[in-house]
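K.L.:
Got a structure here, written out as structure tokens. Questions coming.
The values are calculated or read from the model by the stated rules, or taken from the named source; none is laboratory data. Because the structure is predicted, anything quoted here is derived from the model rather than measured. Every residue, glycine among them, receives a Cβ derived from its backbone with ideal geometry; neighbour counts consider all protein chains shown. The area values use the complete protein model at the heavy-atom level, side chains included, leaving out ligands, DNA and RNA. Shrake-Rupley method; radii C 1.70, N 1.55, O 1.52, S 1.80 Å.
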Amino acid sequence: MRFKKIFNSIAFRISVTIAVVVAASAVAVGWLILREERKTLEFELRSKGRYIAEIMSHHVVEPLLYEERHEIFSLLQGSMKSEESLVVYAEVYDKNGELIVKAFKNEKFNKLKMPPYNFKDPIDGVDIQEDSKLPVYYLSLPINIETSGTIGFLRLGITKEFLYSTLEGVKRKFYLLGAAVIFVGIMLGLWMARKVLRPILILNKGVRRVGEGELGIEVPVVGEGEIKELALSFNRMSVKLKELIHSIQSAQEHLVRTEKLYAVGEFSAGVAHEIKNPLTSIKMLMQTAKQKKEPLSNMDISIIEGEINRINHIVKQFLAFARPEKAEKTDVNINNVLEEVITVTRPKMKQSTIKLDQKFLSREPIIKGNHDALKQVFLNIILNAIQAMDGREGTLSIETSTNNGNLSVVIKDTGGGIPKKDLKKIFNPFFTTKKDGTGMGLALTYKTINEHSGKIKIDSKPWIGTTVKVDFPL
Ligand SMILES: Nc1ncnc2c1ncn2[C@@H]1O[C@H](COP(=O)(O)OP(=O)(O)OP(=O)(O)O)[C@@H](O)[C@H]1O
Ligand SMILES: [Mg+2]
């Protein structure tokens, strides 16, 4: 992991690139130098060989004229005596190309085989040939005297070993120098990468800190040109960001306060409005009685009683909605809760000729919750469904099922449905389309389901019906 990070770092890549470039240049330059050096050395060796061959041919003239083979042999041998002598093999031929004398430096060179040479029509001067396998030059030249022309031939083998050993020495020096250059290159690359990247690394750290929420921090401005510009821009951005976040936060706080005030205002207005209607009718009945100077009739009293009940109901609903969550939760069997609600609402269903289609889980669906609050939830939903089918024949289906670790209760009616424009308002407190409705049913339902970590979803098609799906985590 750590190595991968190093390999991927720009500093590493830059220094490796510089090292590779330096190494490649060193190899190319070295190769060129060695090639030139070799050419020069070869040229020198050939000239030297040519010179030796010419001198030796002069020395051989006399003994060759008098056919003193022994003398020729000692001459040839003399030329190879010293350790440094270039000549390692020598042959002398007569003018017809017949070998007269042959000498060699040591046994190793006895096996040398001279390449073919045209004795009949020799080229003027020294002819130089190379051995395809051995490090040897073959030099051949006719031995001429002014009076009678060619009297024989001298052929020499010259070793290239000195050339190779000199080249080896040059190579060795070159390797040492190359290694030093590459090392310096890598060091230089690392140093440059560090120098170039340091400001970027500092910036990178700064960006990370801002990302972690340290708004308003500033990085030290190092480097030159674009990098310096970048650091300055980063610092400006960081400060601006801090200011911006602060202003957004305070705007949000203000908004939340305003929203809360607005909600309280709307809610109070709703409560006041709901209470005003029954109060007005009570006041009217009492004023009429007062004007007529008559006591309240029995009918008036029962109307007033109804209106007071209504106020009581509204206040109860309001308190239930405004009350903080009740912590008391036990194991609740949802099938039982639904059965209780059905028992209470069955007379109303009979009244409206509503058919009940009931599909309950055979395994008891138990959730953690508040029995009374959950009963109120399903009572609200089922009452809404019955009211939606009021006065008409219809079917109410109630189904419980489990899926994905959830318990689902689906309540479906074939009532008038909810118009699309109302669908997003039905959970608002006091939203009602009914003459006697408070509009608190679904608002309370939503709140209670939320307190049970559940979800409610309502789908509705006008004139077809409404489906309410409630999910609780099991
Ligand atoms: N199953 C349903 N079919 C058609 N409309 C529905 C259904 N359920 C709710 N609504 C619509 O949503 C509105 C709000 O419902 P909610 O239960 O909150 O109040 P309400 O039923 O009007 O009054 P309350 O519950 O106090 O009697 C209803 O007035 C009605 O217009
Ligand atoms: Mg309702």
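K.L.:
Check segment 175-192 and report whether any residue there is closer than 30 Å to GLU83 by Cβ, modelled with pLDDT under 90 and not assigned by TED's automatic domain parsing to the domain that holds ASN106.
P.N.:
Yes; the residues of segment 175-192 include at least one that is closer than 30 Å to GLU83 by Cβ, modelled with pLDDT under 90 and not assigned by TED's automatic domain parsing to the domain that holds ASN106.
K.L.:
What number of residues within segment 411-429 are open to solvent by less than 40 Å² (accessible area, probe 1.4 Å) and either of a type outside the set (Asp, Glu) or more than 11 Å from ligand 1 (Cβ to nearest atom) (or both)?
P.N.:
Matching residues across segment 411-429 total 6.
K.L.:
Could you list all residues from segment 406-445 that are within 12 Å of ligand 2 (Cβ to nearest atom) and assigned to a helix (DSSP H, G or I)?
P.N.:
Scanning segment 406-445 gives GLY441, LEU442, ALA443, LEU444, THR445.
K.L.:
Can you tell me which residue within segment 372-393, out of those that are surrounded by fewer than 17 Cβ atoms within 10 Å (Cβ to Cβ) and of a type outside the set (D, E, K, R), is modelled with the highest pLDDT?
P.N.:
LEU383
K.L.:
What number of residues within segment 147-162 are farther than 12 Å from PRO122 by Cβ, touching a residue at least 40 places away in the same chain (Cβ under 8 Å) and either open to solvent by 10 Å² or more (accessible area, probe 1.4 Å) or part of a loop (DSSP other than H, G, I, E, B) (or both)? Don't jump to the end; show me each part of the working.
P.N.:
First pass over segment 147-162, keeping only residues farther than 12 Å from PRO122 by Cβ: 147-148, 151, 156-162.
If we keep only those that are touching a residue at least 40 places away in the same chain (Cβ under 8 Å) too, we end up with 151, 156-160, 162.
With either open to solvent by 10 Å² or more (accessible area, probe 1.4 Å) or part of a loop (DSSP other than H, G, I, E, B) (or both) added as a condition, the list becomes 151, 160, 162.
Result for segment 147-162: 3.
K.L.:
Just checking, does segment 222-244 include any residue being at pLDDT below 85, assigned to a loop (DSSP other than H, G, I, E, B), touching a Pro at 6+ places or on another chain (Cβ under 9 Å) and open to solvent by 50 Å² or more (accessible area, probe 1.4 Å)?
P.N.:
Yes; the residues of segment 222-244 include at least one that is at pLDDT below 85, assigned to a loop (DSSP other than H, G, I, E, B), touching a Pro at 6+ places or on another chain (Cβ under 9 Å) and open to solvent by 50 Å² or more (accessible area, probe 1.4 Å).
K.L.:
Scan LEU34, LEU45 and give me the residue that is open to solvent by less than 40 Å² (accessible area, probe 1.4 Å) and closer than 30 Å to PHE183 by Cβ.
P.N.:
LEU34
K.L.:
Follow-up question, since we're still on this one. With the structure loaded, tell me whether GLY437 is farther than 18 Å from GLU274 by Cβ, at pLDDT below 95 and open to solvent by less than 50 Å² (accessible area, probe 1.4 Å) or whether it fails that test.
P.N.:
no
K.L.:
Identify, from the list ASN384, ASN335, the residue that is out of contact with any Pro (no Cβ under 8 Å at 6 or more places or on another chain) and in a helix (DSSP H, G or I).
P.N.:
Values: ASN335 fails: out of contact with any Pro (no Cβ under 8 Å at 6 or more places or on another chain).
Only one candidate qualifies: ASN384.
K.L.:
Scan segment 396-404 and tell me whether some residue there is more than 48 Å from the chain's Cα centre (by Cα), open to solvent by 50 Å² or more (accessible area, probe 1.4 Å), within 16 Å of ligand 2 (Cβ to nearest atom) and in contact (Cβ under 8 Å) with a residue 12 or more places away in the chain.
P.N.:
no
K.L.:
If PHE378 passes every condition in (1) part of a loop (DSSP other than H, G, I, E, B); (2) within 16 Å of ligand 2 (Cβ to nearest atom); (3) under 50 Å from the mean Cα position of the chain (by Cα) but one, which one does it miss?
P.N.:
Tallying (1) part of a loop (DSSP other than H, G, I, E, B); (2) within 16 Å of ligand 2 (Cβ to nearest atom); (3) under 50 Å from the mean Cα position of the chain (by Cα), PHE378 fails exactly one: (1).
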